[in-house]
Every structure is written in C-alpha cells, then in structure tokens.
1. For the stretch 260-271, just list the computed ³J(HN,Hα) in residue order, Karplus coefficients 6.51, -1.76 and 1.60, θ = phi - 60°, integers in Hz, with x standing in for Gly and Pro.
2. Quick one: putting +1 on the C-beta of Lys and Arg, -1 on the C-beta of Asp and Glu, what dipole do you get for the stretch 6-109 around its Cα centre, in Debye to the nearest 20?
3. Quick check: Cα centre of the stretch 84-149 to Cα centre of the stretch 406-444, how many Å?
4. Based on the Cα atoms of the chain, what semi-axes does the equivalent ellipsoid have, where each is the square root of 5 times one gyration tensor eigenvalue, given in whole Å with the largest first?
5. What length, rounded to one decimal in nm, is gained on full extension from residue 233 through to residue 80, with 0.36 nm per residue of separation minus their alpha-carbon distance?
6. Round to the nearest 0.05 the FRET efficiency obtained for residue 93 and residue 120 when R0 = 30 Å and r is the Cβ-Cβ distance.
7. With the contact rule set at Cα under 8 Å and sequence spacing of 6 or more, what percent relative contact order holds for the stretch 383-458?
8. Working out 0.36 nm times the residue gap between residue 264 and residue 341, then minus their Cα-Cα distance, what length gain in nm do you get to one decimal?
Amino acid sequence: MQRTKIADLLRSNDIGKPFTVKGWVRTRRGNKKVNFVALNDGSGINNLQIVVDMPHFDETLVRRITTGAAISVEGILQASQGSGQKVELLAKSIEILGDSDPDKYPLQPKKHSLEFLREIAHLRFRTNTFGAITRVRHAMIFAVHQFFNSKGFYNIHTPIITASDAEGAGEMFQVTTLDLENPPRDEEGKIDYSKDFFGKPTNLTVSGQLEGELAALALSEIYTFGPTFRAENSNTSRHLSEFWMIEPEMAFYDLKDNMDLAEEFLKYLLQYALDHCMDDLQFLSKRQQDEEKNKKEADRSMELIEKLKFVLENEFVRLTYTEAINILENSKPNKKGLFQYPVKGFGTDLQSEHERYLVEKHFKKPVILTDYPKEIKAFYMKLNDDNKTVRAMDVLFPQIGEIIGGSQREENYDKLISRMREMNIPEEEMWWFLDTRRFGSVPHSGFGLGFERMMLFVTGMTNIRDVIPFPRAPKSAEF
Ligand code: 4AD
Ligand code: MG
C-alpha cells in the first residue's frame, strides 16, 4: 500500500480506512494488553500514535520497536480516545525497517541540551527542535525565491571560488591544489602561484555582490542566494565561518528604494512563516518559554509569535549613524561605563551591544541606520556630499543586531577609483568591476541578508550554530 505522510494523516477525516505509514519511533509505552508507539516521519512536528493491540502481535517483534528504530505500519485510522490527538492508527501489521539499539542510541526520550545535540548533529534532525528548524528553514528559502520572483528579479549564481579579495581583506579561505609541504617557489623564493590550479591565488567568496552588480547593470534587478565564507576568528553565537546570504542588487534604486525593499522583504518572510509554519512556530515558542522560565521576568523575550507580529505591524525606524551616535553617547549604559566598547563620538564602529541598545531599549523596534563614516565601510559605497559619510544602510533587529548590511553604490568612476586608492585596493585586479562604471553606469543599490541571522529571529533560537544543519566555526568542522 502506498505510504501516507504522517502530517497528512493527522489532518485526515478518513476514519475506518486503511493506511500505511513509515517513520522513526520516538517512544513506545504500554502494558501486556496494549502498546502505544509515537511515530514521526519529519512531515510535521506532531507524532502519529500507533495503537498496538498486543495479543495480535509477536512479542519479540514489538520489543524491537524501540526509540530510534524505523518501522512501517499498516493499519486502520480511528478516532483517538486519548487526549492530545484527533486520530490514531490501529496497527494491523508492523514491519521493522531498521533496528536501533536503545542502550547505545544517543537520543533518549528526554530533553537534551543544545550543546550536546551539536555534538551529534548527524542525529539531531530527529529531535522535535531540529525537525521544526529544518522545516522553517526550508519555508524561508522558498519564500525568498517566491518574493523576488514575484517582483521580477532574476536569480543569478555568483562564483564560489574567486580571485578577487577586494571585500575580503584577510578574512578569506584560500583555495589551492599546491603541495603545502613543498610548494613551488619563484626566483625570489616566494610561492609561485602561476603553478597553482587557476594560475593565481584564489579564495572562497565572502559575498556575491561584486558579480551581482555586473548582472544588475544589464538585467536591472537580480538577487543571489549562495554560501559565503569568512575566516574571521569570531567565536560568537551570531557568526559562522560558512553562512548563506541573499544579495539583491538593483539598477536605478537609490538608498531609500533600497531601504523600502529591505523592509518589505523582511516582513514578507515573517508573514510567510506565520502563514505556513504555525505548528512549528508554536512548538518553538513553547521551547523558548521553557528555556527562559528560570530567567527574571524582565530578561525574558517577547513570545515568539507575538514578536514576529510586532515587527510586521510596525514601521522600522530610520535614522543616520550620526543621530544614533548621539543617542548612544548620551545613553545611561554609556555614561555609566556599562558598554564593553565605550561610544566615543563620530567614527566609533558600532558593536552588537550598541545596536541592540538602540533596537531593544531605545526605539523598541527594528532600526535602519544610514550614512556611516566612510572609514568603517566598504570602498564601493556611494560617497555623500559631505565627503565624510557613505550611503550605507544596516538593518538592526532585536536580539540579533545587524541582520542586513547594504548601500547605494558609487556609480561615479573617478570617485570610485579615488576611494579604491585610499583603501589600497588594486585597480588592475578590479578592471572588470570598474568597467561597469565606464560603460553605461547608473545609480544602483543592494544589500545582503544573513540567512542564518534571519533564521535566529524567526525561530527564537539563540545560537546561530543551531539554525544551520552543519555549522562551520573556528576549530569546528565536524560532519
Ligand atoms: O554586512 P556584510 O558583510 O555585507 C556584505 O557582504 C555585502 N556585500 C552585502 C551587500 O551589500 N550585497 O554581510 C551581510 C550580512 C550581515 O548583515 C549579516 O546578517 C550576515 O551577512 N553576516 C553573517 N552571518 C553569519 N556569520 C557571519 N560571520 C556573518 N557575517 C555577516
Ligand atoms: Mg555589515
């Protein structure tokens, strides 16, 4: 008989009809007369209850239905007498697809710490929490494409291996096939990269933006959604060495258009999650509340679904970096020396503690900061008339800090070249990028959304290593 997914069966009203389900056993309990098996196949957060009428089954077979084992069950759908579920499956025949050893299976039917689950990331998909996160992640990926497709943006694939390190400044992973024990050397004794695979040094990309700009200056509106790699040694709950980024790039957009798009995009994703992932969000909300029940009332987060709705219903606050610095300088924590990094006027690079103060304490809403000092931003951002600030925008979210970074781009060839010289970016390597400013240059803008940062916000998880299946972080590349 054809397999029915558990999520579909739980919604079904076909009482009295036969069905086949397959999945992994979460628990089995019961007595000599009847056993109850909780079965999950990943199609949803809820398990299907299988009722095993013991006199009809071989006891040695039932004993093999242990936590972690995979089984196939044929049975009749019936209204459930127990509370907690509408329907259950009365088993007629059970087949063991894969035995498990209950004593050795690392996932016991109890609560495990997230730290422990990270050590068994190959099995954590089988927990409620990671099942929910994985489904929400999928929904968000789908929503990203749906959003841009509906707006007529084209998805382009930008390279993962790149010879340009204009954005990377020392934070890139090198890609080489040279023998590291014995690399070829030139006359000066330096490593001879002409012998390397690509005939020059190459790295993993930190962003698809520069190539995205090339496409935007032909197709008008494009976006990339790819893996990016950063070798920064940031062992924090918000940084990964390998993460996914969505980078739209739009010709004829100024900074305001860019901010409007970013806000609309983020809200679209949140609305999509509320419309399509409610069961999982409810589970994640409860999980978060359990996690925080020992915290003081004031330290607890807003309930997850309420929080998503709150962001949806409110306009993001928009202000300049300079205005933000004023607020921060005069803030209580700054005056009392409570910030780890004190705010010392224009030019201070904002840390996550400052961003979170603005969002969580001062405005109590998402914030878009614009017009940062040129010194702390990338070379390609459009210079303002003050010659001091650039048309940058960072979107700051509660609990996360920076979730989006972007800007209007410098479209003027001469200004771009002079910024590159100031920042020691080799022009000869960037000839292709500069060409866009030589032939039909137009005002354009774009931004990058860190996909895992968005996932943190939507799921209420607090460590970025828990919202990507296989996290990569300094000294950590298991699985
Ligand atoms: O601000 P970033 O570095 O911007 C860029 O890379 C631009 N090229 C984007 C553009 O304009 N097209 O990174 C963008 C976003 C950040 O706001 C953050 O959400 C996320 O990427 N991000 C990280 N996420 C996880 N781990 C890291 N190490 C991250 N670094 C940045
Ligand atoms: Mg940034």
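The values are calculated or read from the model by the stated rules, or taken from the named source; none is laboratory data. These figures come from a predicted structure and were not determined experimentally. Positions of Cβ are backbone-derived with ideal geometry, glycine not excepted, and every protein chain shown enters the neighbour counts. Ligands, DNA and RNA are stripped out before the accessible areas are found, and what is left, the full protein with its side chains, is counted by its heavy atoms. Shrake-Rupley method; radii C 1.70, N 1.55, O 1.52, S 1.80 Å.
1. 4, 5, 4, 5, 4, 4, 4, 5, 4, 5, 5, 5
2. 260
3. Computed from Cα coordinates, the inter-centre distance equals 48 Å.
4. 49, 27, 22
5. Length gained, residue 233 through residue 80: 49.7 nm.
6. Computed FRET efficiency for residue 93 and residue 120: 0.40.
7. Computed value for the stretch 383-458: 35 percent relative contact order.
8. Length gained, residue 264 through residue 341: 24.5 nm.
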